[in-house]
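The values are calculated or read from the model by the stated rules, or taken from the named source; none is laboratory data. Nothing here was measured: the structure is a model prediction, and the numbers come from that model. Glycine gets a Cβ as well: all are built from the backbone with ideal geometry, and neighbour counts include every protein chain shown.
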Amino acid sequence: MSEPLEWVSVSAAQTAELGTALAQLLHPGDLVIVRGELGTGKTTLTRSIGRALGISEQITSPTFALAQRYDGPVPLLHIDAYRLHGADDEEMGLLLDGAADALTVVEWPERLEADLGRPRVGVELRHGGGDRRLVALAAEDPATQERLAEIVADLRARHIHAEP
Ligand SMILES: Nc1ncnc2c1ncn2[C@@H]1O[C@H](COP(=O)(O)OP(=O)(O)OP(=O)(O)O)[C@@H](O)[C@H]1O
Ligand SMILES: [Mg+2]
């Protein structure tokens, strides 16, 4: 992963805008990992990505289901590993069933010990006081990193007041 790009979101709506923009650069089979403490907006971000993919079903937190697949023009596989304390390769295989043709978003990837594969994009959310969230975005491949930089520049231009 390259040096993360930083952005400050001041509302759930702004975080959702990021998700909408991210969906444009993601393809079926891609993996997105979303780290961050409780309540930082991981599911909010995932939901907005799903909406932008054209999924009409309500995307909820799959904390109890662990993995939830939503069908749509591009299916979404939403994994929340919060309650998983380590998962062996067989369990990972079950969780990732249906990932090949879907966009997979994983909350709490750090709870998984088995290898998830290479993420297209990594997102980290941190509480910044009130509704502020400090967002760090990173990609491994330079083309994706460039797209991320464009997304951040665009969000900054639209929300100039959001800068600290
Ligand atoms: N800037 C912001 N970005 C995202 N969410 C925000 C922001 N400001 C306030 N919120 C609120 O914070 C909450 C985030 O909840 P969400 O379920 O998305 O977090 P989460 O990281 O998935 O939590 P969990 O760790 O429990 O899965 C929502 O109620 C959302 O409206
Ligand atoms: Mg969540």
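If the condition is being within 16 Å of ligand 2 (Cβ to nearest atom), of a type in the set (A, V, I, L, M) and touching a residue at least 24 places away in the same chain (Cβ under 8 Å), then the range 23-53 contributes Val32, Ile33, Val34, Leu45, Ile49.
Is it the case, given these coordinates, that Glu57 is in contact (Cβ under 8 Å) with a residue 40 or more places away in the chain and exposed (fewer than 15 other Cβ atoms within 10 Å of the Cβ)? If you could, list the steps in order and put the result at the bottom.
On the way: in contact (Cβ under 8 Å) with a residue 40 or more places away in the chain: no; exposed (fewer than 15 other Cβ atoms within 10 Å of the Cβ): yes.
No: the conditions fail for Glu57.
Kindly establish whether Gln24 is out of contact with any strand residue (DSSP E or B) (no Cβ under 9 Å at 6 or more places or on another chain), over 20 Å from Gly117 (Cβ atoms) and not in a loop (DSSP other than H, G, I, E, B). In short, yes.
Would you tally the residues in the range 103-136 being more than 30 Å from His159 (Cβ to Cβ) and either touching a residue at least 40 places away in the same chain (Cβ under 8 Å) or within 16 Å of ligand 1 (Cβ to nearest atom) (or both)? Give the derivation first.
So in the range 103-136, the residues more than 30 Å from His159 (Cβ to Cβ) come out as 111-118.
Now restrict to residues that are either touching a residue at least 40 places away in the same chain (Cβ under 8 Å) or within 16 Å of ligand 1 (Cβ to nearest atom) (or both): 111-112, 116-118.
Adding up the residues that qualify gives 5.
Pull up the range 54-72, narrow it to residues that are assigned to a loop (DSSP other than H, G, I, E, B) and within 13 Å of ligand 2 (Cβ to nearest atom), then point me to the one that is modelled with the lowest pLDDT. Applying the filter and picking the extreme gives Thr63. Residues of the range 77-87 include none that is in a loop (DSSP other than H, G, I, E, B), within 23 Å of Arg132 (Cβ to Cβ) and under 13 Å from the mean Cα position of the chain (by Cα).
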